[in-house]
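The values are calculated or read from the model by the stated rules, or taken from the named source; none is laboratory data. If you're wondering where the values come from, they're calculated on a predicted model, not measured in any experiment. Cβ: placed from backbone, ideal geometry, glycine included. Neighbour counts: every protein chain shown. To get the accessible areas, we keep the full protein, side chains included, count just its heavy atoms, and leave off ligands, DNA and RNA. Shrake-Rupley method; radii C 1.70, N 1.55, O 1.52, S 1.80 Å.
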Amino acid sequence: MNNNADFQLIIVGAGAITQAAHLPAALASPLVNVVAIVDTDLVRARRICAVYGADIPVSPSIDAVSTSFDGAIVATPNHLHAPMTKTLLERGVPVLVEKPMAVEESEAEEIVAIAAARGLIVSVGYHTRHSGACRVLKHCVASGRFGETLRIAHQDGSIGGWSPVSAYNLNMKTAGGGVLTSTGTHFIDRLIWFWGMPDQIQYSDDSRGGPESHCILRFSYRRKQRALEGLAIFSKVMGLAENTIIETEEGLLIMQRDSAEDILFRPRSDVRLSYRIVLQGIAPDRRSLYQRQLEDFVNACRGGEQPCVNAETGLQSVRLLNKLYATRQALIQPESASTAEVT
Amino acid sequence: MSVRLAIIGASGFVGSTLVESLGNQSEFEVLPYIHGAGRAARLARLGAPLHSVNLLDRSSLSQAIKSVDYVVNCSRGNNQVMLEGLENLLDTCRREGVQRFVHLSSVAVYGDPPHPQSADEVAPTQPVPASYGALKLAQDQKVQKAAKAGLPSVILCPPNITGPYSDYLCDIMSSIESGRFRLLDDGRSAVNIVDVRDLVTAIVLALRSQVTNGQRLFICDAEPVTWLDLCKELAPLIRQGDAIASIPAEEFVDRYGGSGQQFQNKQSNALKHLVSDGVRAALQVHPTWAQIEKRLRRLVGMLGNRIEERLQLTIAGPIKVPRITVQESLEVNLIRQQLRGIRHSINRAREQLSYEPNYTFRQSMADFRHWHNGFCDGRSVLWQLLVNR
């Protein structure tokens, strides 16, 4: 435990993301002291503490936490994000909640309302927002330095991927959705951050009742001259090298990984050239994206300023996710892809 | 009444296709078993319940196999899962009175390149030691032992698997696109492949088969397809796919060797590792080891530079300076598959299972392209932006 830190933190949920990201981020941060890990599976909670040699009390519920705390990370299965966040807010505790903030839009609206009424900080776990690549890309688009944005394309796919301990991702009720909710939501968040809500959307996926494993999103924004159009593909069944391509009047802005620190620019005038772009005046940041996110949350709690991704922003993402699922079309698949004739 | 069928390793390429194919058949009550949640997205989308099993946990296995009639084993994993896990599974199946056990093996048990007689299953198995083929052979032997002990078993040996969702074909495509692939001798050699849906057909036939003595059966496509044919069918999906460079097979063998994973001399490697700078530096942290190291160095130093040099040469071997050419970064293992040469025959599967491929090579590849196009937005103008940047 970091007894010198003055922000007392609890982590709710002892799953894979807490083990791999939230706990090491908290242990690395000089700002926080983890006073409890809350999970009904106490054996699992103790085990993840032991992995880091951390002597942290474990607790089966928030009620059973014996010490006082200043904030909480909620890293539970998706369907528990909202109920857990609301419970904590109602007790006056600021929350950093994993994405998506809620499965249902109404739950997300409640969180926004409670946080506003009580003046509490809610930060949503879109950790890639803290990467240098996302910030420099946002700057390049917003500044207009490379001219008007003409088209956007994004893909991110792998065969398999994140493996939650509880396997909540395999069930529609606990996950709320498939690859769009787990992977695509980061892109959705950035889309809204960069350009706002799209004016038109067209969405298709391969779900046959369960969480989708592959989806395609087409979107557009109305403009005076011509619409800004975009495409995004997310997959858990096809390897697609993560890439965001933004075509501008001057050339292509390319973000190869949303967790990277820089982006590339390929000028239209000479496609053989490629420039690496970073934001000037920012020292190299050795902190993980999760530590940056946590410290952004702590600083917001201490200073009263809004965190990088607040509840209102989280609500926008939940709205767009729900809108996409509501307008879902079946992805056209070859009949023979899934129905071998076995006679 | 339908037969209860447990599919172990259901989240993989073959397992998922099998579950999807049998989903609507009243003959089987399908029980898909997975190990972890990470790779089961394709199955989860169906919305049907998935079950979890750990092959290394006997009690978990007993629960899974209880009241099951048939078992298909598509599982993969580390060596422990593949060997100890399989043994647990076979024991449990025997104990629970499973009536049919179908095990997915691989043509790799015949070696890389395969034994020249391995057009037929009776050829000697000669996998490269410590390779995937060796592991699959060890598995085959366990299944055959279980078959002798009374578990009715069939072993199916597919080559590389194609059809919709084939990551093997996706890998070839990305190798070609990245310039890391070469045809050998203009791609004239035979390629052994099977459409995943034909493999599924063979699995179902094996479940119904009366020949259950643990014999190995090749399950391949029937047509004489070459690597050039395969690349031509993939070409429409690949940027500059019709311009794949070719090199003489002889030149490739000279440069990269003709066989797959080579057996490493483990003892000499271990000795080399022990005297490596990294290990020595780590040991020096401990005062006793540091003292021993210091004394040893002094002793060797007393012998003179030439003897020290000779000692180093004996233990670590000469410094190898590899030739580095511009086109060095090739997908050597993939290209080397063209040296296999042999075409595996499906005659035994025809005789014993009445197996006959349903999909022609062209149909299979057309379906793969259709799947790939559908999943890549029909190769729209916006999608082109992602690949033509």
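Overview of results
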item: Peptide-level mean, for B:377-388, of C-beta atoms on other protein chains within 10 Å; result: 6
item: Cα-Cα separations in chain B greater than 40 Å, expressed as whole percent; result: 29
item: Cβ-based charge dipole, the protein assembly as shown, positive-most Cα from A:Ile11, B:Ile319, A:Val318; result: B:Ile319
item: A versus B: buried accessible surface, summed, Å² (probe 1.4 Å, to nearest 100); result: 3800
item: Rh by Kirkwood over Cα pairs, then Stokes-Einstein D for the stretch A:27-149 at 0.692 mPa s and 37 °C, µm²/s; result: 198
item: Burial order of peptide ranges A:23-29, A:323-329, B:195-201, B:298-304 (average beta-carbon count within 10 Å, highest first); result: B:195-201, A:23-29, A:323-329, B:298-304
item: Test item: B:15-21 mean partner chain Cβ contacts at 10 Å; result: 3
item: Assigned charges on the beta-carbon of Lys, Arg, Asp, Glu; chain B dipole about Cα centre (debye); result: 1380
item: Accessible area of chain A belonging to carbon and sulfur atoms, whole % at 1.4 Å probe; result: 49
item: Amide proton proximity set for B:Asp195, modelled H, under 5 Å, gap of 5+; result: B:Thr162, B:Asp221
item: Spacing of the two label points (7 Å from each Cα toward its C-beta) at B:Leu299 and A:Ala227, in nm; result: 8.1
item: Per-selection metrics, the stretch A:237-292 (Cα): Rg and Dmax in Å; result: 13.8, 41
item: Kirkwood Rh in Å, taken over all unlike Cα pairs in the protein assembly as shown; result: 29.0
item: Built amide H within the under 5 Å cut-off of B:Val3, gap 5+; result: B:Phe28, B:Glu29
item: Amide H within-cut-off set for A:Arg268, under 5 Å, with H built and near neighbours excluded; result: A:Gly251, A:Leu252
item: Karplus (6.51, -1.76, 1.60) ³J(HN,Hα), θ = phi - 60°, over the stretch A:146-151, in Hz, Gly and Pro reported as x; result: 9, x, 6, 6, 9, 8
item: Förster radius 35 Å - calculated FRET efficiency between A:Asp63 and A:Asp6 (Cβ-Cβ, nearest 0.05); result: 0.90
item: Karplus-derived 3J(HN,Hα), 6.51/-1.76/1.60, for each residue of the stretch B:129-135, Hz, glycine and proline x; result: x, 6, 9, 4, x, 5, 5
item: Cα shape, the stretch A:102-233, gyration tensor, a/c 1.5 rule; result: oblate
item: Sites matching trypsin sites (Lys or Arg not before Pro) across the stretch A:1-108 that sit in DSSP coil, with at most 13 neighbouring C-beta atoms within 10 Å; result: A:Arg91
item: Accessible area per residue, Å², the protein assembly as shown with all protein chains present, probe 1.4 Å; result: 46
item: Sites matching GluC sites (Glu not before Pro) across the stretch B:80-124 that sit in DSSP coil, with at most 10 neighbouring C-beta atoms within 10 Å; result: none
item: Dipole axis of the protein assembly as shown (+1 Lys, Arg; -1 Asp, Glu on Cβ), positive-most option in B:Leu183, B:Cys170, A:His130; result: B:Leu183
item: DSSP beta bridge pairing in chain B, given as percent antiparallel to the nearest 5; result: 5
item: Average other protein chain Cβ within 10 Å of Cβ, residues B:27-37; result: 2
item: Of all accessible heavy-atom area on chain B, the percent that carbon and sulfur account for (1.4 Å); result: 51
item: For the stretch B:1-127, share of DSSP beta bridges that run antiparallel, in % to the nearest 5; result: 5
item: Pairwise centroid distance, computed over Cα atoms, of the stretch B:157-204 with the stretch A:59-113, Å; result: 48
item: Within the stretch B:1-66: Cβ-based charge dipole about Cα centre, in debye rounded to nearest 20 (Lys, Arg +1; Asp, Glu -1); result: 160
